[in-house]
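Each remark here refers to the structure printed beneath this line.
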Number of protein chains: 2
Amino acid sequence: MVTAVRQTDLLRQSMQPFFTFFSGPFSQLNELPDVANFAVGNPQEMPLPEYVAAVRGHLEPQDAHWFAYKISEPNARAVVADSLTRATGLAWDPLDVQMTNGGFAAIAVGIRTLLEPGDEAIFLSPPWFFYEALILGAGATPRRVKLEPPAFDINLAGIEDAITSRTRLVLLNSPHNPSGRVYSLEELRALADVLERASARTGRPIYLFSDEPYRRIVFDGRTFHSPAEVYPYTVISYSYGKQLLAPGMRIGYLTWPPTMPDRERLRDATFLYQTVSGFSFPNADLQHALGDLEPMSIDIPHMQLRRDRVVGELRRIGYETTNPEGTFYIMVRSPIADDIAFSEILNRHKVLTLPGTIVELPGWLRVSLTASDEMVDIGLPGFERAYAEATGR
Amino acid sequence: MVTAVRQTDLLRQSMQPFFTFFSGPFSQLNELPDVANFAVGNPQEMPLPEYVAAVRGHLEPQDAHWFAYKISEPNARAVVADSLTRATGLAWDPLDVQMTNGGFAAIAVGIRTLLEPGDEAIFLSPPWFFYEALILGAGATPRRVKLEPPAFDINLAGIEDAITSRTRLVLLNSPHNPSGRVYSLEELRALADVLERASARTGRPIYLFSDEPYRRIVFDGRTFHSPAEVYPYTVISYSYGKQLLAPGMRIGYLTWPPTMPDRERLRDATFLYQTVSGFSFPNADLQHALGDLEPMSIDIPHMQLRRDRVVGELRRIGYETTNPEGTFYIMVRSPIADDIAFSEILNRHKVLTLPGTIVELPGWLRVSLTASDEMVDIGLPGFERAYAEATGR
């Protein structure tokens, strides 16, 4: 068991690439008006007017308890359970929905609830920024399994190899940030088979932690599937920060399907850790508004057109890119090996991207489609000039 | 070092009295219209109209980043630093203000940052509901020091006795929930002397964790003093949930004075743990509005009149009570030894209070002045009938 001093060092080390980028190039360029900002899944256009109207409407107090202490409110739980019942065909139980102040809190509470010191947790790389830190923060040991670009298929053999008798959970993110992959029901079934076999072998269930904040951000008429449809020991985290593109107004949830064994115990333990993590429930205004917010979304067909335009133009210039099935992100291979160096060239051409090194994928860049159309207009020529400068072509 | 299984059990045990009450009598009576609700510091009257107007006004987006990811925003930090500079006479540094989604998160992040497994932390009893759980959650060992009713003076001798070479912090809450004591600068100086001597003896600083959510809720023209004025190793947690009586709209902060040694290291470590605890920053709307919210308050002179009325009437009936110097709370001695049994008698007379047992003070009841005047009107006769029923007088 690591001591906290050692843990603080490990945490710092695990978050260092992130902080280096965000306190460096990001903070220098993020709010400049003439920069094409593809760095993160942050809004670059004015918020949805219907979003502002919904939150404003539900800010008007209806009773004395309108802004009283809130935990997971019955109305918000019902909205989520109803949505998940429709999406999965499983009769979701509102009591299995734990409302959190954002998806990050859902992941943090879920990981802390499921993991004990001495446990191991598997995450897939390239990962979201903080999976490793959250596993370390629970006193558990992270095990990294690589997904190979450009396909980024679920690495079943790698997962099977990484499982030991101490493995307590596997973290899956679909639609996958940063690759844009949306895993099919068949691929999820194959993963479920691996986990079922391994659970039988080790004698205790391996949880599948399904981080699904991009479940609504899918292209080309795809249907998203949650592994909860095929694997009972699935714990889902969700954030409304993507579909509403308002990540500074935090609401999300942690939940599991009605097929989960021993659900009452999980509710109880989650509530303990959600409390002790600092009362990470969403604010009253957002919970009151959730019925209106649930069906609301940024314009996904328009984002798909933007994807087509950016992928088409970057490929025309000479870049290798993914063609994302979902999420906000296109992965672009750096034309020189050093993606940090190339991102600095892009910065000089007023284009801000996320170097792949920050998400454990050196040699690549992540380009967010939350950039506005105007940013795409000025950004594409910047990509072209940077390509010419780096390659001499 | 406890394992997490053992930790979960300890956490559950530590929170059990709270959950028993809140899932029992509280949840049955809390929202009934004919109940005089003195149970917790929750609003029983409509929110302040100026509060709603301020949040609504700052909900109107001024730019594309209005609802983007927010950490501790410069404007909010400046508002807090300015307020603390005026209150303490110390030139508060905005970079030492960490904005959190409520006071609970500030305490959770602060305790997790300061404590390592193996450390000990002293808290004063009767305590706020979750101090012990938060200390346990950090893997540290809680040490309880009793404050004696009805004076509830800082127990310097008890603290001195409880300090060992492993003591890392002492938790102080002033104005003190539930006793209503507001400790004077002289009393704080005496505590600082004890901690300075002990720090010199053990060779490492003992932090004073000063939980100050009621700093604005003081009566009879008192001036609140923070121990930060006299003890550099002071870490302050604050919640706007009391002065605005909107605890479901969470904003607070963790901070320390400019006299704190090694401030940069503390900022860095706090940011790590604030991130890993689940990104516990306040929502964009509340941070934008903080300049308007800071000077705003519920009507304290009116609450003082309510205190005078309730204390006067309860004493006339025959109860022994405190006369709080601050906070929302009057402590009332149960006329029979069993405070839970007496609170059930009160419940039958449509009066909801918090049994002292829930806050480690059996034989007493906590009565919150956030009850409306109408609740006081119907509640006082209920107190009188319950007294007669319990005592036969």
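Computed from the coordinates by the stated procedures, all read-outs in this text should not be read as laboratory data. In this text, all values refer to a predicted model and were calculated from it rather than measured experimentally. For neighbour counting, all protein chains shown are included, and Cβ atoms are generated from backbone atoms with ideal geometry for every residue, glycine included.
Things to note:
- Distances between copies of A:Leu185, taken at a point 7 Å out from Cα along the Cα→Cβ vector and listed shortest first: 7.2 nm.
- Gain in span if fully extended, B:Arg348 to B:Ile378, counting 0.36 nm per residue against the direct Cα distance: 9.5 nm
- Counted residue by residue at 0.36 nm each, then reduced by the alpha carbon distance between them, the extension gain from A:Lys146 to A:Thr223 reaches 25.2 nm.
- For B:213-221, mean number of other protein chain Cβ atoms within 10 Å: 0
- Label-point spacing for A:Arg86 across the identical copies (point 7 Å from Cα in the Cβ direction), in nm and ascending order: 4.9.
- Neighbour-limited loop hits for trypsin sites (Lys or Arg not before Pro), the range B:214-249 (at most 14 other Cβ within 10 Å; DSSP other than H, G, I, E, B): B:Arg222
- Residue-averaged beta-carbon neighbours from other chains (10 angstrom radius) around A:128-137: 2
- Cα-based helix-to-principal-axis angle, B:300-317 vs chain B, degrees rounded to 10: 40
- 7 Å along Cα→Cβ, label-point gaps from B:Glu60 to other copies, nm, shortest first: 1.7
- Lysine pairs meeting the criterion (Cα under 27 Å, 8 or more apart or interchain), as found in the protein assembly as shown: 11
- The length gained by stretching the chain between B:Asp82 and B:Glu320 to full extension, at 0.36 nm per residue less their Cα-Cα distance, is 81.6 nm.
- Label sites at A:Ser23 and A:Leu305, each approximated as a point 7 angstrom past Cα along Cα to Cβ, lie 4.2 nm apart.
- Protection proxy ranking of A:178-190, B:22-34, B:157-169, by the mean of other Cβ atoms within 10 Å over each peptide's residues and highest first, is A:178-190, B:157-169, B:22-34.
- Exposure proxy for B:Met331, B:Met249: other Cβ atoms within 10 Å of each Cβ, ordered fewest to most, give B:Met331, B:Met249.
- Mean per-residue shielding of peptide A:266-276 is 5, counting Cβ atoms of other chains within 10 Å of each Cβ.
- Spacing of the modelled spin labels on B:Thr391 and B:Gln13, each 7 Å from Cα toward Cβ, amounts to 3.8 nm.
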